[in-house]
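Below is one structure, written out as structure tokens, with a few remarks after it.
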Amino acid sequence: MEEFFKNDIIDYKYDDFIFNPKLLPIKRKTKRDELYKLDSRGPSRKWTNKKPFVKTIYKEKFEVDEIWELTSIKRKYIEYKHDNTIVTGSDPLESFSLFIFLNKGIVQNYFINHELTDDKGATWRPGKFNSGPLKNSDGIYPGAVDDAKRYWAQRSIGVRITRSAMQVTDEEIQIYKEKCWSKNEKVFNFILNLFRK
């Protein structure tokens with residue numbers, strides 16, 4: 001079951017994508033291989049779906065079987081002294097994600113989520129490349145929450161428990177626990193609680 005997803009990228013491979021507005025893909029024309037012109041490393045994150053599904057962005061309908069994300073997060077790095085120890089960290093300044101929706105290797109549509117902040121991420125405002133407004137229920141692009149649910153539903157329970165426990169039913173957890181973790185219940189509960197927070 002998981003062999004189908006072997007080329008998916010769940011965690012971000014990188015977050016320093018350099019956006020060039022002159023290189024945006026052309027809907028229903030640009031091929032997957034041509035997307036490497038945007039970044040030779042490929043997508044920051046990639047999800048594939050076994051069956052194409054119909055997606056709508058601002059009244060435009062299209063089929064999707066693969067979603068690419070190319071991401072850049074600009075930060076202000078900070079350093080301060082605390083109890084004779086140097087502590088480092090960062091505050092966000094800008095977030096940019098280009099989401100590309102493909103079907104059978106052809107770009108169907110794309111959406112840019114571009115946001116800026118001045119107050120350490122407490123409030124964000126749209127950047128100049130932002131594709132449009134989002135509803136609170138959308139997530140990071142229109143329908144992102146539904147796309148995530150659809151993606152995780154097709155993955156094995158073992159992957160879902162360790163990667164996205166919010167997409168696992170209590171019944172599935174109990175079955176998986178009995179099959180695989182009966183001798184290590186404390187470890188199982190610890191892992192599950194990490195991902196449910």
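Looking across segment 31-57, the residues that are out of contact with any helix residue (DSSP H, G or I) (no Cβ under 9 Å at 6 or more places or on another chain), within 15 Å of I100 (Cα to Cα) and of a type in the set (S, T, N, Q) come down to S44, T56. Note on segment 61-95: residues that are modelled with pLDDT under 95 and of a type in the set (A, V, I, L, M, F, W, C) total 5.
The values are calculated or read from the model by the stated rules, or taken from the named source; none is laboratory data. From a predicted model like this one, the values you see are computed outputs, not experimental measurements. Here the Cβ is made from the backbone with ideal geometry for all residues, glycine too, and neighbour counts use every protein chain on show.
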